Every structure is written in structure tokens, then in C-alpha cells.
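*Asks:* Structure provided below as C-alpha cells; questions to follow.
The values are calculated or read from the model by the stated rules, or taken from the named source; none is laboratory data. For clarity, every value in this text was computed on a predicted model and none was experimentally measured. Virtual Cβ from ideal backbone geometry, glycine too; neighbours counted across all protein chains shown.
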Amino acid sequence: MGFDYHVLVQYRLPLFLGLLNTIYYAALCLVFSVAFGLVVCVGALSESRIGRFAAQRYVNVFRVIPELALIFWMYFCLPPLLDLRLSPGFCGVLALSLTSGAYMAEVFRAGVLAVPRGLVEAAMALGVRPYRRWRHVILPLAVRAMMPAFVNTFADLLKHTTLLAGIGVAEVTYEAYTLGAQSFRYLEFFTVIAAAYFVIIFPLSLYVRHAGHRLRLRTAQ
């Protein structure tokens with residue numbers, strides 16, 4: 001069985017719409033995972049024992065549960081528990097956001113802790129207010145330190161959106177499987193979506209490698 005380009009041309013519209021849906025769901029997951037991660041990071045760095053305890057438990061739980069198992073639980077178990085009708089997209093985004101939020105929290109916490117303590121103490125000694133201290137001293141250095149890990153976590157999140165096909169979310173993997181079942185031409189569809197993911201994620205991996213190398217050189221100086 002050879003590779004038939006005409007099949008891709010014939011079904012280019014549903015594949016393109018599936019890719020747009022993938023980007024849409026990945027963007028939603030990124031927004032919510034960043035929000036979850038920031039809240040958990042604040043709790044982990046707070047002076048409150050309850051806040052640190054809750055943040056640690058959140059990270060420990062959602063970094064251990066497999067993404068696919070959590071997606072299925074959200075879709076098949078959460079609606080009966082709440083007595084609500086929840087869409088597959090909502091359940092999938094919630095599951096991936098909770099899992100990715102745990103990793104984002106650790107990325108944010110590591111970025112803040114990477115800021116040299118001497119700079120923070122110097123700003124405090126100069127009487128810089130906490131808001132300005134965070135804005136002008138801590139956050140610029142923390143963001144620079146956390147960017148490689150942040151981009152790497154986003155790349156993983158983008159790959160994990162393929163798991164949403166398991167609950168019927170019409171992202172690109174689901175569309176490829178559906179079109180392959182209709183035309184019996186799985187080779188073309190899964191090859192093209194694999195190539196699409198490579199084109200999107202490979203530059204991100206190059207950035208992570210390059211930025212990580214520069215960060216190690218800067219730290220060694």
C-alpha cells in the first residue's frame with residue numbers, strides 16, 4: 001500500500017479544523033495550568049503551613065496520576081458525582097490543566113528560588129516595597145530562569161492533547177482516526193499529523209536545549 005496524497009487533499013478541511021481544535025484546547029489548557037500553577041506556587045512559597053501542605057499534596061497527587069486515567073475519570077466519573085452534564089472538552093481540559101498545573105507550580109517555584117538571595121536582601125535593605133521588589137528584581141530573573149522548563153512543559157502539554165481523542169474530543173488525532181476508519185487509509189492521516197506535531201514541537205525542543213545551555217553557562221560564571 002503506497003502513500004496516496006490525494007486522500008489528504010480530499011480530507012484537508014476536517015484535518016485543518018482538527019488542528020485548529022488542537023491548538024485551541026492546548027491554549028485553554030495552558031491558560032488554566034498557568035493559573036493553577038501560580039496559585040500552588042504561592043502556597044508552596046508562603047509562610048503558612050497549611051498553604052505549603054496543600055501545595056505539596058496537590059503536586060504529589062497530580063504528578064503521579066496518569067493523564068489518560070484522569071481524563072477518563074473526569075469524563076466518566078465526575079458528571080455522575082456532581083449530577084451534571086459536562087462536555088468532553090471541558091472534562092479533558094480540566095484533567096490536563098490539573099496535571100500540567102502541578103508541573104507548572106514546580107517550574108514557577110524553581111524559578112523564584114533560583115533568584116540569588118543576595119539581590120533580594122539588597123532590595124529589602126534599600127527599602128524597596130514588596131510589589132516593586134517582585135516586579136523589578138525577582139520576576140525578571142525568575143522568568144529568565146524558568147523559561148526553558150516552562151516551554152518544555154508546554155510542549156509536553158501539547159503532545160498530551162492527543163489523549164483527548166479517547167473521550168471523543170474532535171482534535172486532530174480524533175479526526176485522523178475517524179477519517180482513517182472511513183477511508184481505510186490510516187497511513188496518510190497518521191503520518192501527516194505526526195509530521196505536524198514534529199514541525200510544531202521540534203523548534204520548541206531546540207529552544208529548550210539552547211536556552212538550557214545558555215542558563216548553565218550563565219550560572220557557571
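*Asks:* Quick one: in segment 111-139, of everything that is over 24 Å from Pro203 (Cα atoms) and within 23 Å of the chain's Cα centre (by Cα), which residue is surrounded by the fewest Cβ atoms within 10 Å (Cβ to Cβ)?
*Replies:* Leu113
*Asks:* Is it the case that segment 39-46 has a residue that's in a helix (DSSP H, G or I) and surrounded by fewer than 14 Cβ atoms within 10 Å (Cβ to Cβ)?
*Replies:* no
*Asks:* Same structure again: List the residue pairs whose Cβ atoms are under 6 Å apart, where the first residue sits in segment 93-120 and is farther than 24 Å from Ala170 by Cβ and touching a residue at least 60 places away in the same chain (Cβ under 8 Å), the second is basic (Lys, Arg) and buried (at least 17 other Cβ atoms within 10 Å of the Cβ), and the two are 6 or more positions apart or on different chains.
*Replies:* Every condition considered, no pair remains.
*Asks:* With (1) of a type in the set (Gly, Ala, Ser); (2) closer than 25 Å to Val199 by Cβ; (3) surrounded by 14 or more Cβ atoms within 10 Å (Cβ to Cβ) as the list, and Gly2 as the residue in question, which single condition is left unmet?
*Replies:* Failing condition for Gly2: (3).
*Asks:* Please determine whether any residue of segment 160-173 is surrounded by 15 or more Cβ atoms within 10 Å (Cβ to Cβ), in contact with a Cys (Cβ under 8 Å, 6 or more places away or on another chain) and more than 21 Å from Ala105 (Cβ to Cβ).
*Replies:* Yes: one or more hits.
*Asks:* Pick from Leu30, Leu98, Leu81, Leu119: which is of a type in the set (A, V, I, L, M, F, W, C), in contact with a Leu (Cβ under 9 Å, 6 or more places away or on another chain) and at pLDDT below 95? Walk me through it before giving the result.
*Replies:* Values: Leu30 fails: at pLDDT below 95; Leu98 fails: at pLDDT below 95; Leu81 fails: in contact with a Leu (Cβ under 9 Å, 6 or more places away or on another chain).
So the residue among Leu30, Leu98, Leu81, Leu119 that is of a type in the set (A, V, I, L, M, F, W, C), in contact with a Leu (Cβ under 9 Å, 6 or more places away or on another chain) and at pLDDT below 95 is Leu119.
*Asks:* Only one residue in Ala195, Ala211 is surrounded by fewer than 19 Cβ atoms within 10 Å (Cβ to Cβ), of a type in the set (A, V, I, L, M), touching a residue at least 12 places away in the same chain (Cβ under 8 Å) and within 22 Å of Asp156 (Cβ to Cβ), so which one is that?
*Replies:* Numbers: Ala195 fails: touching a residue at least 12 places away in the same chain (Cβ under 8 Å).
Ala211 is the lone residue from the list that is surrounded by fewer than 19 Cβ atoms within 10 Å (Cβ to Cβ), of a type in the set (A, V, I, L, M), touching a residue at least 12 places away in the same chain (Cβ under 8 Å) and within 22 Å of Asp156 (Cβ to Cβ).
*Asks:* Another question, if that's okay. Which numbered condition in (1) touching a residue at least 24 places away in the same chain (Cβ under 8 Å); (2) under 19 Å from Tyr24 (Cβ atoms); (3) out of contact with any His (no Cβ under 9 Å at 6 or more places or on another chain) is the only one that Ser87 fails?
*Replies:* Here Ser87 meets the rest and fails (1).
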